[in-house]
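Enquirer: Got a structure for you, questions after.
The values are calculated or read from the model by the stated rules, or taken from the named source; none is laboratory data. Everything numeric here is computed off the predicted structure, so don't read it as measured data. Here Cβ is always computed from backbone atoms with ideal geometry, including for glycine, and neighbour counts include all displayed protein chains. Note: areas computed on protein heavy atoms with side chains; ligands, DNA, RNA excluded. Shrake-Rupley method; radii C 1.70, N 1.55, O 1.52, S 1.80 Å.
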Amino acid sequence: MKVAIASDHTALPMKEEIKLELKELGIEFTDLGAYSDERVDYPDYALKVSEQVVQGVVDRGILICGTGIGMSITANKVRGIRCALAHDTFSAKFTRLHNDSNVLALGQRVLGHGLAREIVKVWLETEYEGGRHQRRIDKIAEYEKSSCSYVN
Ligand code: RB5
């Protein structure tokens with residue numbers, strides 16, 4: 001498995017902590033920035049990581065900003081991205097089992113580093129369950145293919 005990770009300027013310490021977790025898990029990763037605490041815009045980083053995921057350069061993405069919300073909103077605009085904002089291990093597990101989420105968003109200002117590492121570990125180690133959940137994911141993909149809304 002290969003992972004792309006990125007954060008904005010607010011979340012550099014948590015990004016470093018998660019990189020340690022990835023190393024411990026023996027998971028290959030690319031750090032796509034930010035690389036300094038100079039102010040940046042989270043959409044730039046969410047899009048970089050998400051594009052790598054949908055293009056198949058990496059298998060999964062991890063995004064961190066102050067709350068994780070801006071990153072998740074942006075990532076979910078990219079066709080094929082199922083980004084989960086998960087601040088507990090239960091959600092991290094079930095978003096893999098049921099949603100086959102391919103990007104995880106975290107909030108540096110919300111979580112302690114220990115819990116963030118646990119969330120990342122569970123999220124990376126849980127396999128998608130498939131079965132009845134696939135029909136639901138297919139509906140999301142189907143909607144993404146069209147530019148029209150279900151509500152006319
Ligand atoms: C940056 O100030 C902050 O808005 C960002 O890190 C994030 O929390 C956005 O959702």
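Enquirer: Report the gain in length on full extension from Lys19 to Arg109: 0.36 nm times residue separation, minus Cα-Cα distance, nm rounded to one decimal.
Expert: Numbers: separation 90, 0.36 × 90 = 32.40 nm, distance 1.76 nm.
Stretched fully, the Lys19-Arg109 segment lengthens by 30.6 nm.
Enquirer: Are there GluC sites (Glu not before Pro) in the stretch 10-75 that DSSP puts in a loop and that have at most 15 other Cβ atoms within 10 Å, and which ones? Don't jump to the answer; show the numbers that get you there.
Expert: On the way: sites: Glu16, Glu17, Glu21, Glu24, Glu28, Glu38, Glu51; in loops: Glu38.
Counting only loop positions with at most 15 other Cβ atoms within 10 Å, the GluC sites (Glu not before Pro) in the stretch 10-75 are Glu38.
Enquirer: Grab the beta carbon distance between Arg132 and Phe90, set R0 = 30 Å, and tell me the FRET efficiency rounded to 0.05. Provide the component values of the computation, followed by the final result.
Expert: Details: r = 20 Å, r/R0 = 0.65.
Computed FRET efficiency for Arg132 and Phe90: 0.95.
Enquirer: Shape of the stretch 37-152 from its Cα gyration tensor (a ≥ b ≥ c, root eigenvalues): rounded if a/c is under 1.5, otherwise prolate when a/b > b/c, or oblate? Numbers along the way, then the final one.
Expert: Numbers: a/c = 1.90, a/b = 1.24, b/c = 1.53.
Note, shape of the stretch 37-152 comes out oblate.
Enquirer: Let me ask something additional. Only bridges whose two residues both fall in the chain count here: according to DSSP, what percent of them are antiparallel, nearest 5? Write down the numbers at each step before the final one.
Expert: Values: 0 of 17 bridges.
Roughly 0 percent of the DSSP beta bridges within the chain come out antiparallel.
Enquirer: Hey, any idea what % of the stretch 93-152's accessible area is carbon plus sulfur with a 1.4 Å probe? Each step should come with its number before you reach the end.
Expert: Details: 1880 of 3640 Å².
Within the stretch 93-152, the accessible surface is 52 percent carbon and sulfur.
Enquirer: Another one. Can you tell me the orientation of helix 42-54 relative to the chain, as the angle in degrees between its alpha-carbon axis and the longest Cα principal axis, to the nearest 10?
Expert: The angle comes out near 60 degrees.
Enquirer: Using label points projected 7 Å from each Cα along Cα→Cβ, tell me how many nm separate Arg79 and Ala141, to one decimal.
Expert: Between Arg79 and Ala141, the label points sit 1.3 nm apart.
Enquirer: Restrict the search to the stretch 75-152; then list the chymotrypsin sites (Phe, Trp or Tyr not before Pro) that DSSP places in a loop and that have at most 14 other Cβ atoms within 10 Å of their Cβ. The partial results should precede the final answer.
Expert: On the way: sites: Phe90, Phe94, Trp123, Tyr128, Tyr143, Tyr150; in loops: Tyr128, Tyr150.
Here the chymotrypsin sites (Phe, Trp or Tyr not before Pro) that fit, given the DSSP loop and packing criteria, are Tyr150.
Enquirer: Follow-up. Once you put a point 7 Å from the Cα of Asp37 and another 7 Å from the Cα of His98, both along the Cβ direction, what distance in nm separates them?
Expert: 3.9 nm
Enquirer: Rounded, prolate or oblate: which fits the stretch 1-90 when a ≥ b ≥ c are the square roots of the eigenvalues of the alpha-carbon gyration tensor, with rounded for a/c under 1.5 and prolate only if a/b beats b/c?
Expert: Numbers: a/c = 1.27, a/b = 1.00, b/c = 1.27.
It comes out rounded by the Cα gyration axes.
Enquirer: Could I ask something else about it? Go ahead and estimate [θ] at 222 nm for the chain from helices alone: -39,500 (n - 2.57) per DSSP H run with n ≥ 4, summed, over the residue count, rounded to 500.
Expert: Working: 6 runs with 70 residues, N = 152.
Here the helix-only value at 222 nm equals -14000 deg cm²/dmol.
Enquirer: Lysines near Lys23 by alpha-carbon distance under 30 Å, same-chain residues fewer than 8 away left out - which ones?
Expert: Candidates past the 8-residue exclusion: Lys2, Lys15, Lys48, Lys77, Lys93, Lys121.
Enquirer: Using Cα pairs under 8 angstrom and six or more residues apart, how large is the relative contact order of the chain, in percent?
Expert: 23 percent
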